[in-house]
Amino acid sequence: MKYKNANDIIPETLLAEVQKYAAGDLLYIPQLKERRKSWGEGSGARQYLRKRNQEIRDRFDQGQTVDELSDAYRLSPDSIRKIIYAKPNICGRATDSTEEK
């Protein structure tokens, strides 16, 4: 996030209106919702977790135990169970915390 002077980017009439509410204060102006990325999209974390969780489900289906998966992925057995037993969404894929809302 880069600092910009409002005098340089906001029309004078709009600036005068904003000054009535926040003269001298620092303001944060969030991006428009349609330009905002969901959690993990910019860093690739969402994609990484989606792939990891699918690997966990596949390995469980191939016969690995919850404890083995817990050790392999350094997750608690409860976390492994949540990933394995997540309810499938409309597309048939399991939903987890990395799925878009």
Exercise for the section: Confirm whether L75 is free of Cβ contacts under 8 Å to residues at least 24 places away in the same chain, surrounded by 15 or more Cβ atoms within 10 Å (Cβ to Cβ) and either over 30 Å from Y3 (Cα atoms) or not hydrophobic (A, V, I, L, M, F, W, C) (or both). Expected result: yes
Fill in the blank from the handout: In the stretch 1-57, residues that are within 30 Å of I80 (Cα to Cα) and either without any contact (Cβ under 8 Å) to a residue 12 or more places away in the chain or not β-branched (V, I, T) (or both) total 20
Handout entry: In the stretch 1-51, the residues that are exposed (fewer than 10 other Cβ atoms within 10 Å of the Cβ), in contact with a helix residue (DSSP H, G or I) (Cβ under 8 Å, 6 or more places away or on another chain) and in a loop (DSSP other than H, G, I, E, B)
Key = L27
Exercise for the section: Restricting attention to the stretch 45-72, report how many residues are at pLDDT below 95, among the aliphatic types (A, V, I, L, M) and farther than 18 Å from P88 by Cβ. Expected result: 1
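The values are calculated or read from the model by the stated rules, or taken from the named source; none is laboratory data. Just so it is clear, the structure is predicted and the values come from calculations on it, not from any experiment. Don't worry about glycine lacking a Cβ; one is built from the backbone with ideal geometry, like all the others, and counts go over all protein chains shown.
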